[in-house]
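Notes to accompany the following structure.
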Amino acid sequence: MCGIVGYIGDRNVYDVLIKGLHRLEYRGYDSAGVALETPEGNINVYKARGKVANLEAFCKDKNLDASCGIAHTRWATHGEPSDSNAHPHFSEDKKLALVHNGTIENYKVLKDALIKHGCKFHSETDTEVLVQLIEYIRLKNDCDLIDAVREALHQVQGAYAIAVIECGHPEQIVAARKSSPLVIGIGKNEFFLASDATPIVEYTKDVVYVKDEQIAVVRRGEPLKLVTLENEEADIDVTELEFSISQLEKGGYPHFMLKEIFEQPSTLLDCIRGRVVEGGHKIVLNGVRDNKEKFLNAKRIVIVACGTSWHAGLIGKYLLQEMCGLPVVVEYASEFRYNNPVINSDDIVIAISQSGETADTLAAIEIARDKGAFVYGISNVVGSSIPRCTHSGTYIHVGPEIGVASTKAFTGQVMVLTLLALAVGELRGTVSREELEKCGEWIQKIPGLVREVLKLNDKIERLSAIYTYARNFLYLGRGYNYPTALEGALKLKEISYIHAEGYPAAEMKHGPIALIDAEMPSVIIAPDDHLYEKVVSNVQQVKARGGSIIAIVTEGDDIISKIADYVLEVPKVPEFLTPIITSIPLQLLSYYIAINKGKDVDMPRNLAKSVTVE
Ligand code: F6R
């Protein structure tokens, strides 16, 4: 949700900023801008509506000479995507330029007060309020920029990661964060600032994750300085980045989404590496091993997440209930935070988030912690906010996911939830040694079996052509594959903009069956599991109403295969592992339908990868 970048050092400032914006474009792409401070201390701001490429075209004939600079790619919250609402924003006297990721909740009150003091506004954004406030304080108190930022941030309610430059100070960038991410890369005589480490990793692996309510001051030729809002100097904790630049490239694929779908055999291997050991006979999850008492004494599990992560959470419910015999509820984090959740100290709250930065999930964690629950995080982005505010957790280790539609993170989340259910089940005595060993052996086969499923690629590409112009889709599944149906429908709608609904197959007769006709295809996920016979009836009900059916079935299926119009066969695996296998053809189907429709699959309209606002 918006990406910010900053650079100070001897490289070409504009080039570093533009490259950084491209890397962060998955966070928002409705407008972009740069503020460049010349060595003489003048600030030039250039902005353009649309993607970063538009900004580059706009800047072609501009003065790009700079000693330092800040840049922004936007996902609109306050005010439509337009040149005037694009960041960076100037203060009224054009002495300060600022970029911001987050939302200033009390911006209206602050804006009204500033208008009374004579400030004029040129955009509809909350961000312009912040830069005007900082400049107002700086002039009124006759103080330096850092003190003005501190004072302004005391007055602000909401979430922010900001970077500010000041006319006449080409050797300095001031940045700060609260509830929105900010990373600083430390190179030789240079500093990089960004919303995540992807714009930084090609220059340096040494980064500092700025903490909430800290202000970072980067000055050419001086060490990094961090101060709190109370003006106390904070420790600098340098972390080494674990991923490499090659993970951020498309690696020969036309889109990140396709690359990420095809990476799944190796990402699943990375996910289980060191966790499923001794030939599959032992599951080692440090987060469980180090918190045995919590898992032994737990009376209930509450899972909070959003979007695709919520779907993974639903599969987690089936896994944890089956393997641990514990009651599990799964809540949208955005609802949980406002529905007066009843949480007890013997509840375990599991928060799932690929980005580790989702605002609603962060808020849910805070509530769960306040109510005394033990909070376990499942995230992908190392060093992101969620792993830092949970009591314990597990990284899915699937590498950076750039495509806005989540694919490899989903299967990684489901895999971690599977390991978690087994590890907790073993601890609580609900999974026997023998069962654990059998499950572990199957888990080790999953990366290879996913590779087999990916061989359906060409068939799915051909199949997609038949369904490209469908206007609605129904996705049906039962048991473990009900959440898979929800995920398949979400994938299709977010990248192809085709309306799609996921349903538990048996619920169809309670309403959605009215929709079925020759124009409404159904994707039915029907692996060979204990509900198979029931799903057969659902398939027949669709067929009897003239509906067209694409079925995902287990190899060798001879009932549904004869009824469905098109069949995609996947290898046989135990029921608890079917969602990982059956979700792959659904990812490919959405991808190819969206491509046939000419959509931008990596940056679908209106979406952003990291939802750091409410
Ligand atoms: C869908 C998708 C979103 C995210 C959701 C939560 O493809 O990516 O639905 O799953 O915004 O994001 P995280 O997992 O980062 O909390």
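The values are calculated or read from the model by the stated rules, or taken from the named source; none is laboratory data. Treat the numbers as computed from the prediction; the structure is a model and nothing was measured. With ideal geometry, Cβ positions are generated from the backbone for all residues, glycine too; neighbour counts draw on all protein chains shown. In case anyone asks, the SASA skips ligands and DNA or RNA and just uses the protein heavy atoms, side chains included. Shrake-Rupley method; radii C 1.70, N 1.55, O 1.52, S 1.80 Å.
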- request: Go over the candidates 204, 198 one by one and state the one that is touching a Leu at 6+ places or on another chain (Cβ under 9 Å) and modelled with pLDDT under 95.
  value: 198
task: Residue by residue through region 474-506, note down the ones that are among the hydrophobic types (A, V, I, L, M, F, W, C) and away from the ligand (no atom under 16 Å from the Cβ).
output: 474, 476, 505, 506
- request: Kindly check whether there is at least one residue in region 172-184 that is of a type outside the set (D, E, K, R) and in contact with a His (Cβ under 6 Å, 6 or more places away or on another chain).
  value: no
- request: Could you figure out which of (1) out of contact with any strand residue (DSSP E or B) (no Cβ under 7 Å at 6 or more places or on another chain); (2) within 16 Å of the ligand (Cβ to nearest atom) isn't true of residue 574?
  value: (2)
- prompt: Name the residues in region 9-57 that are more than 28 Å from the chain's Cα centre (by Cα) and assigned to a strand (DSSP E or B), would you?
  reply: 36, 37, 43, 44, 45, 46
- line: Residues of region 58-102 being part of a helix (DSSP H, G or I) and in contact (Cβ under 8 Å) with a residue 24 or more places away in the chain, in sequence order, are 59
task: Quick one: count up the residues across region 111-131 that are under 23 Å from residue 82 (Cβ atoms) and either part of a loop (DSSP other than H, G, I, E, B) or under 31 Å from the mean Cα position of the chain (by Cα) (or both).
output: 13
task: Could you grab me the full set of residues in region 324-346 that are assigned to a strand (DSSP E or B) and either open to solvent by 10 Å² or more (accessible area, probe 1.4 Å) or in contact (Cβ under 8 Å) with a residue 60 or more places away in the chain (or both)?
output: 329, 330, 331, 332
query: Among the residues of region 172-207, which ones are aromatic (Phe, Trp, Tyr) and either assigned to a loop (DSSP other than H, G, I, E, B) or under 19 Å from residue 612 (Cα atoms) (or both)?
result: 203
- line: Log entry, pairs with first residue in region 264-281 being without any contact (Cβ under 8 Å) to a residue 12 or more places away in the chain, second being part of a loop (DSSP other than H, G, I, E, B), beta carbons closer than 8 Å, six or more apart or on different chains, reads 274/284; 277/284
statement: Going through region 103-143 in order, the residues found to be under 20 Å from residue 48 (Cα atoms) and of a type outside the set (Phe, Trp, Tyr) are 122, 123, 124, 125, 126, 127, 128, 131
The one condition in (1) touching a helix residue (DSSP H, G or I) at 6+ places or on another chain (Cβ under 7 Å); (2) closer than 28 Å to residue 103 by Cα; (3) surrounded by fewer than 21 Cβ atoms within 10 Å (Cβ to Cβ) that residue 356 fails to fulfil: (3)
task: For residues that are under 29 Å from residue 595 (Cβ atoms) and free of Cβ contacts under 8 Å to residues at least 60 places away in the same chain, scanning just region 497-507, find the one that is surrounded by the fewest Cβ atoms within 10 Å (Cβ to Cβ).
output: 499
task: Search region 59-112 for residues being touching a Phe, Trp or Tyr at 6+ places or on another chain (Cβ under 9 Å) and among the basic types (Lys, Arg), and hand back the single one that is surrounded by the fewest Cβ atoms within 10 Å (Cβ to Cβ).
output: 62
Residue satisfying condition, being within 12 Å of the chain's Cα centre (by Cα) and either away from the ligand (no atom under 15 Å from the Cβ) or without any contact (Cβ under 8 Å) to a residue 40 or more places away in the chain (or both), within set 392, 384, 406, 379: 379
statement: For region 26-55 the number of residues that are open to solvent by 10 Å² or more (accessible area, probe 1.4 Å) and touching a residue at least 40 places away in the same chain (Cβ under 8 Å) is 10
